[in-house]
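Heads up, the thing below is written out as structure tokens.
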Amino acid sequence: MNVAVVEDLWWRYEGREDYALRGLSLEVRRGEVLAVMGHSGAGKTTLALAMTGIIPQRVPGEIRGHVEVLGLSTLRADVTEIARRVSIVFEDPEVQFVMSTVEDEIALALEPLRLSRDEMRRRVLWSLELVGLDRGFLNRSPLQLSGGEKQRVAIAAAVAREPELLILDEPTSDLDPVGKEEVVAALRRLRRELDMTVVLIEHEPEYVAEFADRVVVLREGRVAMEGGPGDGVLKG
Amino acid sequence: MPTILGELVGAEARSRGYMDLHVLSKVFLPLFISLSLPFARQPLQALAVALVSVAACVAAGVPLSAMKRYLAVIISLVAFIVLAFSLFAQVPGRVLYEVTLVSIHAQRGVVEWRLVITDTGLWYSAAFILRVFAMVLSAVLLLASVTDRDLVWGLLSLRAPFGASVAASLFFRGIHFFISDFYTVREAMMARGVDFERSSLARRFRLYSNALIPLLSLMVTRSYEVSLALESRGIAPGSRSASGYHVYRLRPADYAVLAVGASVLAAFIAWGWLA
């Protein structure tokens with residue numbers, strides 16, 4: 001069963017002549033980790049934003065085609081409605097932080113779900129543990145953490161909501177080798193302990209080979225290659 | 001728990017009792033003090049408001065020593081106020097010092113610009129300085145004791161919409177982002193050879209004006225990014241929440257603080273009225 005279906009998607013940012021996505025089609029299957037790869041400007045982040053409804057609802061531009069995520073058309077369904085079931089972690093974790101402690105940062109993401117206080121508390125601690133951060137981090141400021149810790153807090157805030165689809169937009173690209181290894185360790189634990197559908201946007205083949213069930217390579221806004229990580233797609 | 005001022009300059013209220021108060025008390029006490037200021041026109045009244053604000057800061061455990069680093073700014077401000085009263089407002093009263101700065105003799109008479117320091121002028125200056133001082137202290141009290149947790153979950157406990165509570169928190173958080181961006185722009189300019197320290201006041205003013213353009217651009221970008229980040233978590237202006245992660249309740253201490261604040265305001269209104 002498909003969690004997301006993208007059909008013949010064309011997208012052009014306002015004020016640009018070229019299309020960022022040119023007839024892109026793909027599907028995301030339930031429970032799989034789909035890696036989306038490609039060079040800078042291939043349309044990876046644009047695709048991620050289209051799957052959350054931020055494109056076209058919050059970013060001005062011209063769209064054609066169809067995107068359906070968990071039965072909701074991202075062209076029509078409200079972004080906050082989609083956000084109840086889809087979580088995204090952006091490349092730069094700092095832009096996502098709005099609270100001054102790690103605990104509040106994760107708890108804030110849970111508030112719109114209208115959960116009980118006990119359930120929120122359980123999820124805050126569980127998600128933090130899942131990304132390999134102990135309770136000592138609860139009262140620390142997210143802005144004062146290392147790059148890898150910041151990204152893990154952003155992942156914890158996304159995972160705590162137990163989304164049906166988790167989109168990770170280049171979670172390791174801004175990090176130094178230590179931070180990268182910390183995030184990869186967190187992703188390993190996520191993969192092992194959760195049966196979550198994940199779209200992993202990544203450009204480093206070594207991580208993709210480890211995590212992905214399937215790989216899609218984008219080039220100039222469309223799917224150039226598709227296959228399993230062992231099918232030679234990563235070499236291409 | 002980092003407060004707004006704590007994140008900026010590391011000055012936070014240290015009193016556990018005060019920090020445990022409801023956000024309503026933490027916002028309204030400085031507000032009552034500030035609202036007393038328009039009624040404190042006489043130096044003695046202004047001094048009383050300033051003392052009340054000092055007492056409130058001391059009671060809350062706000063480290064006033066942190067203000068030392070702003071001493072130069074405060075002294076400049078005081079000097080500016082005194083000069084303004086002496087140079088531009090000739091307040092009637094007993095003349096203590098008088099000098100003619102400019103004298104233009106024309107066909108129809110003489111135009112003179114005189115510096116006149118009167119006892120009443122000095123009293124007015126003193127009252128003004130004390131009011132500014134009290135205003136700064138009440139702002140410090142607010143910013144050194146309110147956390148974004150207080151704003152989000154405290155307002156939520158008062159049945160404010162969740163989206164509005166987050167927006168209130170973001171307003172204060174914006175101050176932090178603005179200052180952080182300001183330093184980023186300043187450092188970028190310094191890396192390109194701009195020397196703020198050795199520039200004249202006029203040139204420094206021009207340089208800071210230039211910094212406003214990238215600063216505004218950064219602010220717009222940041223607002224956009226934050227709004228996307230919030231929306232992607234399902235937080236929008238109309239969002240609602242069920243229970244609230246942190247519990248905030250008005251306790252007897254809050255009613256006491258609010259009563260004291262309201263009494264202070266009432267007392268200054270009455271004093272101002274009678275005077």
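Nothing in this text is a laboratory measurement; each read-out follows from the coordinates by a stated rule. The structure presented is a predicted model; accordingly, all values stated were derived computationally and were not measured. Here Cβ is always computed from backbone atoms with ideal geometry, including for glycine, and neighbour counts include all displayed protein chains.
With a cut-off of 18 Å on the backbone N, the residues of segment B:14-37 near the modelled label site 7 Å out from B:Arg251 along Cα-Cβ are B:14-29. Taking a point 7 Å from the Cα of B:Asn210 along the Cα-to-Cβ direction, the residues of segment B:174-201 with backbone N closer than 15 Å to it are B:185-201. Rounded to the nearest 500, the helix-only mean residue ellipticity at 222 nm of chain B stands at -21000 deg cm²/dmol, with each DSSP H run of n ≥ 4 adding -39,500 (n - 2.57).
For a test of the definition: using alpha carbon positions, the gyration tensor, and the 1.5 limit on a/c, classify segment B:107-233 as rounded, prolate or oblate. Because a/c hits 1.5 or more and a/b fails to exceed b/c, segment B:107-233 counts as oblate.
Have a look at the DSSP beta bridges in the protein assembly as shown and tell me what percent are antiparallel, nearest 5.
Working: 32 of 50 bridges.
Antiparallel: roughly 65 percent of the beta bridges in the protein assembly as shown.
By other beta-carbon atoms within 10 Å, ranking A:Thr52, A:Thr101, B:Thr184 with the fewest at the front produces B:Thr184, A:Thr101, A:Thr52.
Relative contact order of chain A, please, whole-number percent, based on alpha carbon pairs below 8 angstrom and at least 6 residues apart. Before the final figure, lay out each step's value.
Values: 484 pairs, mean separation 63.6, N = 236.
About 27 percent, as a whole number.
Amide H neighbours of A:Thr197 under 5 Å, counting only residues 5+ apart in sequence or on other chains, H built in-plane at 1.01 Å? Correct list: A:Gly31, A:Leu166.
Structural size metrics of segment A:1-138, computed from C-alpha coordinates, are Rg and Dmax of 17.1, 51 Å. Taking a Cβ cut-off of under 12 Å around B:Leu215, the surrounding Lys, Arg, Asp and Glu residues balance to a net charge of +1, with basic ones at +1 and acidic ones at -1. Let me know the shape class of chain B, please: from the alpha-carbon gyration tensor, a ≥ b ≥ c as square roots of the eigenvalues, rounded when a/c is under 1.5, otherwise prolate if a/b is greater than b/c, or oblate. Oblate, because a/c is 1.5 or more while a/b does not exceed b/c. Rounded to two decimals, the Cα radius of gyration of the protein assembly as shown over 2.2 N^0.38 Å is 1.23.
Taking θ as phi - 60° and the Karplus parameters 6.51, -1.76 and 1.60, the scalar couplings of segment B:73-88 work out to 5, 5, 5, 4, 5, 4, 4, 5, 5, 4, 4, 4, 5, 7, 8, 10 Hz in sequence order, x denoting glycine and proline.
Comparing B:Ala48, B:Ala134, B:Ala211 in a Gaussian network model of chain B, where Cα atoms under 10 Å apart are tied by springs, the biggest mean-square fluctuation is seen for B:Ala211.
The local environment of B:Ser169, defined by Cβ-Cβ distances under 13 Å, has a net charge of -4 under the rule Lys, Arg +1 and Asp, Glu -1.
Using helices alone, what [θ] at 222 nm do you get for chain A, with -39,500 (n - 2.57) per DSSP H run of 4 or more residues, divided over all residues and rounded to the nearest 500? Numbers along the way, then the final one.
Details: 8 runs with 78 residues, N = 236.
For chain A, the value works out to -9500 deg cm²/dmol.
If you sort the three axes of the alpha carbon gyration tensor as a ≥ b ≥ c, you get a/c of 1.5 or more for segment A:156-225 and a/b no higher than b/c, which makes it oblate.
Here's how it looks for B:Ile235: its modeled amide H is under 5 Å from none belonging to a residue 5 or more places away or on a different chain. Approximating the spin labels as points 7 Å out from Cα along Cα→Cβ, the A:Ser173-to-A:Met1 distance works out to 3.2 nm. Using R₀ = 25 Å, calculate the FRET efficiency as 1/(1 + (r/R₀)^6) where r is the Cβ-Cβ separation of B:Arg69 and B:Ser199; round to 0.05. With R0 = 25 Å, the Cβ-Cβ based efficiency is 0.75.
The string of couplings for segment A:108-125 from the Karplus curve (6.51, -1.76, 1.60, θ = phi - 60°) is 4, 5, 8, 4, x, 7, 6, 8, 6, 4, 5, 5, 5, 4, 4, 5, 4, 5 Hz, one whole number per residue in order, with x for Gly and Pro.
Here the Gaussian network model covers chain B, with springs between Cα atoms less than 10 Å apart; of B:Phe196, B:Phe39, B:Phe133, B:Phe196 fluctuates the most. Diffusion coefficient (Stokes-Einstein, Kirkwood radius over C-alpha pairs, 10 °C, 1.306 mPa s) for segment A:116-176: 129 µm²/s, rounded to a whole number. For A:Gly65, the residues 5 or more places off, or on other chains, whose built amide H falls under 5 Å of its own are A:Trp10.
3J(HN,Hα) along segment A:75-86, derived from phi through the Karplus expression 6.51 cos²θ - 1.76 cosθ + 1.60 where θ = phi - 60°, amounts to 7, 10, 5, 5, 4, 5, 5, 5, 5, 5, 10, 10 Hz, with x in place of Gly and Pro. Suppose R0 equals 25 Å; then what is the FRET efficiency for B:Ala139 and B:Ser227 from their Cβ-Cβ distance, rounded to the nearest 0.05? According to the calculation, E is roughly 0.40. With q set to 0.11, 0.19, 0.20 Å⁻¹, the log10 of I(q)/I(0) for segment B:11-141, from the Debye formula over equal scatterers at the Cα positions, is -0.52, -1.05, -1.11.
Taking a Cβ cut-off of under 14 Å around B:Val185, the surrounding Lys, Arg, Asp and Glu residues balance to a net charge of +1, with basic ones at +1 and acidic ones at -1.
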